[in-house]
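Reading through the structure tokens given below for one structure.
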Amino acid sequence: MYRIASIGGDGIGPEIILEGKKVLDAAGERFDFDIRWTDFDIGAERYLKTGQLLTETDLKELSTFPAIYFGAIGDERVKPGILEKGILLSLRFFFDQYVNLRPIRLLKGVATPLAGKQPQDIDFVVVRENTEDFYVGIGSRFKKQQKIELLIKRELYHAKFNLDVESDAEELAYQIGVVTREGARRVIDYSFTLAQSRKKKLTSVDKANVLSDIYGLWRDVFLDRAALHPEVTTEFTFVDAITMWFVKNPEWFDVVVTPNMFGDIITDLGAMIQGGLGLAPGGNINPTGTSMFEPIHGSAPKYKGLGVANPMATIWAGSMLLDHLGEHEAAGAIVTAIEKCILSGVVTKDMGGHSGTMGVGDEMVKIIQET
Ligand code: IPM
Ligand code: MN
């Protein structure tokens, strides 16, 4: 028996989580385990009513679960950034989910925009560091007459643009990225272990040619840890270059480890080459704590309640959740069911089909029962 927390969230979140739970329950029945779900009412609706994003009680209760199944957050009535930072990023940080695992895999029957590429050519995993880098939230915006402007602004702006210190035009903002040796080490070690269980190739992403302090440290740690894993082939790529290679030669990659911000960007590219955001799952993992599994797409408020949203990314994220709990057979059966569902044409409109959200979930349950 597993106790799992679920947060449907906003927009299409609740509908797709409902299908996901249905499929995971079916897998449980088929493979002999039970899931006891506890739903949490976290999201825009509650925030608009009560002003609460995440309460201490939420966090205390959530911390008693090994995993959270998360739909999506984002609502047009709330200013961008509030829910994202106050809920999603806060959960990732609070539970120290330092691994953001994003499989980039072209399933059978799925169309990729990359000409001539087959499922065997697109099958790698991006391990995105999930707690550091430009996501640490250290930054500020300054207008004139604020003290610090005298320190930073004069130096930067005066010399460069010869602007008037008293003028509004001199508003300045900065954001600081942070990499720690330990923060890099733990996610890089996770990636080496993962690479060992796959094709034993690990690619590190950075921009050490320009941001040489922050990513210089990342590189040093990568080199240190690589020395302990001589059986794994390693390479460095710059983030700009890897966007080219993802498109041109995705078959080169096995496991890719990246700092947080670059990981955010390159996994949206990854999602497209595996068939779109409707097919891109992610796991936020703390190997010894509470982990969280979610589709990487957003809440698509436009489609809320219409029953047309594609639940496949969420269902795949559910498979990752089961894999994380050690239910490998059930996890594999779910991915196979997604493939079968696609091959039999039971897909939503975004994938060129006519099925609804629930239709896809029902079909998947049927396939798993027949497995
Ligand atoms: C993602 C999302 C989030 C991120 C946003 C919604 C905060 O884009 O999961 O990739 O930037 O990590
Ligand atoms: Mn993103």
Considering residues that are of a type in the set (A, V, I, L, M, F, W, C), buried (at least 22 other Cβ atoms within 10 Å of the Cβ) and away from ligand 2 (no atom under 12 Å from the Cβ), the number found within the range 243-275 is 5
Going through the range 1-36 in order, the residues found to be in a strand (DSSP E or B) and surrounded by 15 or more Cβ atoms within 10 Å (Cβ to Cβ) are Y2, I4, A5, S6, I7, G8, G9, I35
- Message: Taking the criterion of being within 29 Å of V346 (Cβ to Cβ), β-branched (V, I, T), within 15 Å of the chain's Cα centre (by Cα) and not in a strand (DSSP E or B), would at least one residue in the range 249-265 satisfy it?
- Response: no
Quiz item: Does R92 satisfy being out of contact with any Phe, Trp or Tyr (no Cβ under 9 Å at 6 or more places or on another chain) and surrounded by 19 or more Cβ atoms within 10 Å (Cβ to Cβ)?
Solution: no
In the range 58-114, anything farther than 30 Å from D189 by Cβ, away from ligand 1 (no atom under 15 Å from the Cβ) and not polar (S, T, N, Q) is listed as D58, E61, R77, K108, G109, V110, A111, P113, L114
If we keep only residues of the range 280-292 that are more than 15 Å from ligand 2 (Cβ to nearest atom) and not in a loop (DSSP other than H, G, I, E, B), then the residue nearest to the chain's Cα centre (by Cα) is I285
*asked:* Regarding the range 312-325, can at least one residue be identified that is in contact with a strand residue (DSSP E or B) (Cβ under 6 Å, 6 or more places away or on another chain), closer than 17 Å to M292 by Cβ, of a type in the set (S, T, Y) and in contact (Cβ under 8 Å) with a residue 24 or more places away in the chain?
replied: yes
With respect to D96, determine if the residue is outside any helix (DSSP H, G or I), more than 20 Å from I265 (Cβ to Cβ), touching a residue at least 60 places away in the same chain (Cβ under 8 Å) and out of contact with any Pro (no Cβ under 9 Å at 6 or more places or on another chain).
yes
If we scan the range 299-315, do we find a residue that is touching a Ser or Thr at 6+ places or on another chain (Cβ under 8 Å) and assigned to a strand (DSSP E or B)?
-> no
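The numbers here are math on the coordinates, done by the rules we state, and not lab data. Remember, predicted model here, so these are calculated numbers, not experimental data. A quick note on method: Cβ atoms are made from the backbone with ideal geometry, for glycine too, and the neighbour counts reach across all protein chains shown.
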